[in-house]
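The block underneath contains the structure these notes are about, expressed in structure tokens.
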Amino acid sequence: MTNEAKESLKENQAAGQEETVISQEEEAAEAQAGQEEAQEQGSGELSEAKAKIEELEAKLSDTENRMYRLQADLDNFRRRARLDMESAQKYRSQNLITDILPALDNFERALKIDTDDEKTQSLLQGMDMVYRQLIQALQNEGAEAIQAEGQPFDPHLHQAVMQVEDENFEAGTVIEEFQKGYKLKDRIIRPAMVKVNQ
């Protein structure tokens, strides 16, 4: 083989190596571009997934808040219903007592009558027995008369219909009771109508 041929062969080999290097570089560049494209596509899917997660977390939080509010409303409703039932049970006889009070007032007025007639006294004794039974029934239900005469005037318990000046009593003292007042447990059904010293 001649020198020229050797040189020509060397040049061809060098050119082939350059082409191989160039084609390897091109392949590497294409692979890198593919990876970048895949990363961009993956990044887009990732951001979509993150947005969906955030949206679902917000919905979950909203649902939990609504559940807690509804639970609180239900607890409040139960508490109010229990209190209403307790109050209804405690004051169940209030309407009946209110309706009976005028009859008791009439009994008291009738029993104040003085008479010498034996038949009338016998009738008054019977009325007194009925009156005492009614008072006992009211006490069994928790109703009781409000003490007024000689007591300090209390606007929650007494209704002043007259005021007088009497040196025998302290100022603001109830002198006379015109109509009995009643209370049922801790609730005033009717205040006592009284005369108060100024």
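The values are calculated or read from the model by the stated rules, or taken from the named source; none is laboratory data. This is a predicted model, so every value here is computed, not measured. Ideal geometry is used to build each Cβ from the backbone, glycine not excepted, and the neighbour counts take in all protein chains shown. The protein model used for the area step is the full one, side chains on, heavy atoms only, and it has no ligands, DNA or RNA in it. Shrake-Rupley method; radii C 1.70, N 1.55, O 1.52, S 1.80 Å.
Entry remark, the range 161-192: residues being farther than 19 Å from I135 by Cα, open to solvent by 50 Å² or more (accessible area, probe 1.4 Å) and among the aliphatic types (A, V, I, L, M) number 3 in total. Counting the residues of the range 30-66 that are among the aliphatic types (A, V, I, L, M), modelled with pLDDT of 65 or more and over 39 Å from the mean Cα position of the chain (by Cα) gives 3. Residues in the range 87-113 that are open to solvent by 100 Å² or more (accessible area, probe 1.4 Å) and either at pLDDT 85 or above or aromatic (F, W, Y) (or both): N95, L96, D99, R109, K112.
Determine if the range 143-150 includes at least one residue that is surrounded by fewer than 13 Cβ atoms within 10 Å (Cβ to Cβ), assigned to a loop (DSSP other than H, G, I, E, B) and either in contact (Cβ under 8 Å) with a residue 24 or more places away in the chain or within 43 Å of the chain's Cα centre (by Cα) (or both). Among the residues of the range 143-150, at least one is surrounded by fewer than 13 Cβ atoms within 10 Å (Cβ to Cβ), assigned to a loop (DSSP other than H, G, I, E, B) and either in contact (Cβ under 8 Å) with a residue 24 or more places away in the chain or within 43 Å of the chain's Cα centre (by Cα) (or both), which makes the answer yes. Selection over the range 56-100 of residues that are outside any helix (DSSP H, G or I) and of a type in the set (F, W, Y) gives a count of 1. So is K119 within 22 Å of E177 (Cβ to Cβ), open to solvent by 100 Å² or more (accessible area, probe 1.4 Å), without any contact (Cβ under 8 Å) to a residue 24 or more places away in the chain and more than 48 Å from the chain's Cα centre (by Cα) or not? In short, no.
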